[in-house]
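Read the structure below first, then the notes.
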Amino acid sequence: MSKKKIISVENLKKYFPITKGFIFTNVIGNVKAVDNISFDILEGQTLGLVGESGCGKSTTANVLLGLEPPTSGQIKFQGEDIAQFSKTQLFSFRRNIQAVFQDPFRSLSPRKKVKQIISEPMSVHRVGLREMQYERVMELLSLVGLSPEHAELYPHEFSGGQRQRIAIARALSLNPKTIILDEPLSALDVSIQAQILNLLIDLQKKFNLTFLIISHDLAVVEHISDNIGVMYLGILAEIAPSDKLYSNPKHPYTVALLESVPIADPDAKVEVSLEGEVPSPLNPPPGCRFHPRCPKAKAECKKTEPEMKEITSGHFVSCHLY
Amino acid sequence: MASQKDILLQVKDLKTSFFTKKGVIKAVDGVSFTVKKGEVIGLVGESGSGKSVTSLSIMRLVPQPAGKIVSGEILFKNENLLNKSESEMRELRGNKLAMILQDPMVSLNQLLTVGYQIGETFKYHGKADGSLLTKCINILKKVKVPSPETRVNNFPFQFSGGMCQRVLIGTGIANNPELLIADEPTTALDVTIQAQILKLMKDLQKEINASIILITHDLATIAQICSKVYVMYGGRIVEKAPVKDFYHDPQHPYSEGLIKSVPVLGKRVKRLYAIEGQPPNLINPPPGCRFEPRCSKAKKVCSQKYPPEVELKKDHQVSCWLYS
Ligand SMILES: Nc1ncnc2c1ncn2[C@@H]1O[C@H](COP(=O)(O)OP(=O)(O)OP(=O)(O)O)[C@@H](O)[C@H]1O
Ligand SMILES: Nc1ncnc2c1ncn2[C@@H]1O[C@H](COP(=O)(O)OP(=O)(O)O)[C@@H](O)[C@H]1O
Ligand code: SF4
Ligand code: SF4
Ligand SMILES: [Mg+2]
Ligand SMILES: [Mg+2]
């Protein structure tokens, strides 16, 4: 059975202008945070996005969430371009796409009680009467493994893991189809990370949720994702089903990234496989933007930017070697 | 037992608390361990378990006025650091005892050039003879900052996170310390840069033969460069083990759970093992084992009395009632 595409991103670009001057501001350049990426997310599945800091993962998430307008390109929700949506369609789209962010300490308003935090999206979208909202809060608390008395407490009275549970409950409150998770585990301890990861997987099964998860921890992403996209300096270097990406990475950057992951085993020593630092997205190298660090770079790589090619079913790579 | 002259640092029953309006936070509550010359020790534990406070206590840099070392001894080369005057401590810090902090962007002064900040460490310790600039450039070379001759005049904001961390490591090792404490030196960095920094630390450690205490919650980092692991939980050390024993045969239920809960790349499992429950509250901790509320193997005695440390074999000790 082929699954439905729930979100399609086509040739998405997001540039941030860099300006100079106070009164007469001139645009002197663009940070090409996201520079022409395309991918699909299938209903009920998880797409993981990985890549070094500043490569554009969060920007992609923010554009999908409507927090930033795209510079160009299309975002389709269930096959329809969201730019063409009417007000009511847009409103329902927003209901269906919710988010959980990295820092549970900052993403919850400190002056609100947990019950207010969790019911906030319901109030914004005018869903249900107050009593019904309260019932829903109780239901959500138990879904994420918290108890009813937690409803009356403030965020600072919780540990990091518990706060992330609150954020997940809030994201679930409107029964969204999709949840975007931007580094949801990075602020948590190892023993708590496993709890939250298990919770996310359980909730996904239960409600047929679609996830886009962003993380710098490749093992975490592998654990939860059906497909994984590897970003580098604003582009998608490679996107493939998880098992293929890990067992048979094609892009030299993916290969290096996988080799650099420290392994929790004293018998396995990690090699330094990538020298040099990530170049600035203000001025990405010409041609393939990975070429200054790429061990396999050819003359062609310095001149022309490789295009995304599907090398086996569902496995896409942007590299002149293929 | 190690002979006395191999031992560089010996911490004995250290207790450090924070006296706050909410009560006394027993951040470090009876910690003892030794570090031998040239040894790389990994100190692991969840956030709030007392790792940083332990290291700040060794440096005598516990935040004032709330924080206070309540009791214990910290013997560095057989001298109790707790009896030293502030000026004697200043003499040691950045010299024989050095520390690298968690966040490179915060630890470096954004308004001073990188070269100036490295230079300070030399000047302070009276080693500013002649060619200070050359020395700074040499440090940048040592930590592999590209084009050190021009970079020495840059400000920290002109450096990436990885390069700032290199500079900090550079200032840390500038005076060939005997003990280097590194608190989460790679946590804020990307995996590719992490691998570079770990390699650098490993190489430098060999070169200057320093002892290192590496603090992290990342088990993979520990596996890469440490020879021994000390596991902290709720202000105490619950297990001390050679690195291989720790990963292949952990004895304390918390260590065991910790290792099982890390997802392993390329070895996807249906469901991750997770230690249920929340980390302990360090205000009025219960008298027994701090891990008891989350432990699946807990017995009656566990909630009543703190378990004594027992030696299972050479260099492998554990504090848990399952073993005594
Ligand atoms: N300045 C302070 N004032 C009050 N309490 C403090 C202070 N610094 C630390 N603590 C408390 O001491 C305990 C141990 O803190 P510590 O910073 O050593 O933990 P850690 O293991 O290093 O955690 P992390 O991994 O988050 O850095 C915690 O309960 C913390 O809240
Ligand atoms: N509001 C903004 N203004 C200017 N540059 C930005 C802004 N937001 C992000 N960027 C830049 O875009 C790039 C990608 O950022 P981001 O998507 O946040 O990276 P990631 O999440 O992968 O760490 C970075 O170089 C970042 O500095
Ligand atoms: S296109 Fe060339 S430089 Fe880029 S990753 Fe492929 S081989 Fe390397
Ligand atoms: S002392 Fe008891 S509660 Fe603590 S870890 Fe051992 S068995 Fe578990
Ligand atoms: Mg981000
Ligand atoms: Mg700390």
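For segment B:31-89, the set of residues classified as charged (D, E, K, R) and open to solvent by 60 Å² or more (accessible area, probe 1.4 Å) consists of B:K37, B:R60, B:K68, B:E73, B:K77, B:E79, B:E86, B:E88, listed by residue number. Filter segment B:220-245 for residues that are touching a Pro at 6+ places or on another chain (Cβ under 9 Å) and within 16 Å of ligand 6 (Cβ to nearest atom); which is nearest to the other protein chains (Cβ to nearest Cβ)? Residue satisfying both the conditions and the ranking: B:T221.
Scanning segment B:205-219 for residues that are assigned to a helix (DSSP H, G or I) and either free of Cβ contacts under 8 Å to residues at least 24 places away in the same chain or open to solvent by 10 Å² or more (accessible area, probe 1.4 Å) (or both) gives B:Q205, B:K206, B:E207, B:I208. Of all the residues in segment B:265-279, those that are open to solvent by 40 Å² or more (accessible area, probe 1.4 Å) and either without any contact (Cβ under 8 Å) to a residue 24 or more places away in the chain or more than 9 Å from every other protein chain (Cβ to nearest Cβ) (or both) number 10. How about segment B:13-29: which of its residues are surrounded by 17 or more Cβ atoms within 10 Å (Cβ to Cβ) and either part of a loop (DSSP other than H, G, I, E, B) or touching a Gly at 6+ places or on another chain (Cβ under 8 Å) (or both)? Within segment B:13-29, B:L14, B:K15, B:T16, B:S17, B:F18, B:K26, B:A27, B:V28, B:D29 meet the criteria. Tell me, please, whether a residue that is more than 16 Å from ligand 3 (Cβ to nearest atom), open to solvent by 10 Å² or more (accessible area, probe 1.4 Å) and assigned to a loop (DSSP other than H, G, I, E, B) can be found in segment B:227-240. Yes, because at least one residue in segment B:227-240 is more than 16 Å from ligand 3 (Cβ to nearest atom), open to solvent by 10 Å² or more (accessible area, probe 1.4 Å) and assigned to a loop (DSSP other than H, G, I, E, B).
The residues of segment A:112-132 that are part of a helix (DSSP H, G or I) and farther than 22 Å from A:G161 by Cβ, listed by number, are A:M122, A:S123, A:V124, A:R130, A:E131, A:M132.
One residue stands out among those in segment B:180-199 that are of a type outside the set (D, E, K, R) and surrounded by fewer than 20 Cβ atoms within 10 Å (Cβ to Cβ): the one that is nearest to ligand 5 (Cβ to nearest atom), which is B:A188. Checked against (1) open to solvent by less than 10 Å² (accessible area, probe 1.4 Å); (2) at pLDDT 90 or above; (3) within 12 Å of chain B (Cβ to nearest Cβ), A:G161 passes all but a single condition, namely (2). Of the strands (runs of 3 or more DSSP E) that lie entirely inside segment B:40-108, those containing 2 or more residues that are within 14 Å of another protein chain (Cβ to nearest Cβ) span B:40-44. Please work out if A:S191 is more than 14 Å from chain B (Cβ to nearest Cβ) and either free of Cβ contacts under 8 Å to residues at least 40 places away in the same chain or among the hydroxyl-bearing types (S, T, Y) (or both). In short, no.
The numbered conditions (1) within 12 Å of ligand 3 (Cβ to nearest atom); (2) open to solvent by 70 Å² or more (accessible area, probe 1.4 Å); (3) in contact (Cβ under 8 Å) with a residue 40 or more places away in the chain are all true for A:Y253 except (2). Considering segment A:184-199, the residues that are surrounded by fewer than 22 Cβ atoms within 10 Å (Cβ to Cβ) and modelled with pLDDT of 90 or more include one that is farthest from A:R94 (Cα to Cα), namely A:N198. With respect to being buried (at least 19 other Cβ atoms within 10 Å of the Cβ) and under 30 Å from A:V230 (Cα atoms), B:D245 falls outside the description.
All conditions in (1) within 10 Å of another protein chain (Cβ to nearest Cβ); (2) within 15 Å of ligand 1 (Cβ to nearest atom) hold for A:N198, with the sole exception of (2).
The values are calculated or read from the model by the stated rules, or taken from the named source; none is laboratory data. None of these values were measured; they are calculated from a predicted model. Because the Cβ atoms are built from the backbone with ideal geometry, glycine has one as well, and the counts that use them run over all protein chains shown. When the accessible area is computed, the model is the full protein with side chains, heavy atoms only, and any ligands, DNA or RNA have been set aside. Shrake-Rupley method; radii C 1.70, N 1.55, O 1.52, S 1.80 Å.
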